[in-house]
């Protein structure tokens, strides 16, 4: 479709020349998946593995502290989904559930991981759920944050996402032109009113200044076309953390996830917003370790 081509073209315009990776405390490299190359950090080791992906405009660098907390006891893999951070989308990447799941499973294949816990958030949670549907023997547990049902997410989209971003091609161009402004404003509504958004915002804007992509329209449009049956009746163990101070999800029912995963355990956090993993990393690490090492 034309919209995917436009997304890829615009992301390429902003991208740094070649495969230049930003420097930082978390070493990263590109790994090949069936849907394209993605930028990933792998802490290495033979310990149980947890895989995380940033929820754009967050990037791998936002996870420095959390990775440091987890890596002494877990193998931690953190990668940018195609269309976000420094994982630039192919012309054919439409952010479908199957494509997102193939990116996840492709990373596991590329770095030789047989089984893993997926700790994903928001829209990325649906790609984690689809990966568990496609390869149940490889995904041992889901730990999600701010991921309701697909129907509830679509209702959220209609409340929060501007109409132009939902229109193919128009949305891709608008999202690219407004990517820095959108990132700047997003943390104000996603974080609790008492939380200083500056550290989150500065890291995101630094990545965007360096050529990172933020294909918000692509993922919105891709999930709008998704079949809800593709993420129903999952049997994998699942816990979802829900930050009650996320003002963007003020009217979203977190228990709606149980229409997809009836046995999902919903843990509501009174003091967190949209990013429980980044806002309360010590508490999140303790909870994640308890689940993965159970």
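List of remarks:
- Some residue of the range 214-233 being more than 30 Å from residue 73 (Cα to Cα), modelled with pLDDT of 95 or more, touching a strand residue (DSSP E or B) at 6+ places or on another chain (Cβ under 7 Å) and part of a loop (DSSP other than H, G, I, E, B): yes
- Taken together, the residues in the range 130-142 that are assigned to a helix (DSSP H, G or I) and touching a strand residue (DSSP E or B) at 6+ places or on another chain (Cβ under 7 Å) amount to 2.
- Condition check for residue 100: within 18 Å of residue 256 (Cβ to Cβ) and either assigned to a helix (DSSP H, G or I) or touching a strand residue (DSSP E or B) at 6+ places or on another chain (Cβ under 6 Å) (or both): no
- Of residues in the range 40-50 being touching a helix residue (DSSP H, G or I) at 6+ places or on another chain (Cβ under 7 Å) and buried (at least 19 other Cβ atoms within 10 Å of the Cβ), the one nearest to residue 15 (Cα to Cα): 40
- Of all residues in the range 65-97, those that are over 23 Å from residue 12 (Cα atoms), in a loop (DSSP other than H, G, I, E, B) and either touching a residue at least 60 places away in the same chain (Cβ under 8 Å) or touching a helix residue (DSSP H, G or I) at 6+ places or on another chain (Cβ under 8 Å) (or both) total 2.
- Verdict on residue 235 being in contact (Cβ under 8 Å) with a residue 60 or more places away in the chain, closer than 30 Å to residue 135 by Cα and surrounded by fewer than 17 Cβ atoms within 10 Å (Cβ to Cβ): yes
- Selection within the range 267-284 - closer than 13 Å to residue 147 by Cβ and buried (at least 18 other Cβ atoms within 10 Å of the Cβ): 274, 275, 276, 277
- Reported count of residues in the range 152-174, each being touching a residue at least 60 places away in the same chain (Cβ under 8 Å) and in contact with a helix residue (DSSP H, G or I) (Cβ under 8 Å, 6 or more places away or on another chain), is 11.
The values are calculated or read from the model by the stated rules, or taken from the named source; none is laboratory data. Everything numeric here is computed off the predicted structure, so don't read it as measured data. When we count neighbours, we look across all protein chains shown, and the Cβ atoms used for this are built from the backbone with ideal geometry, even at glycine.
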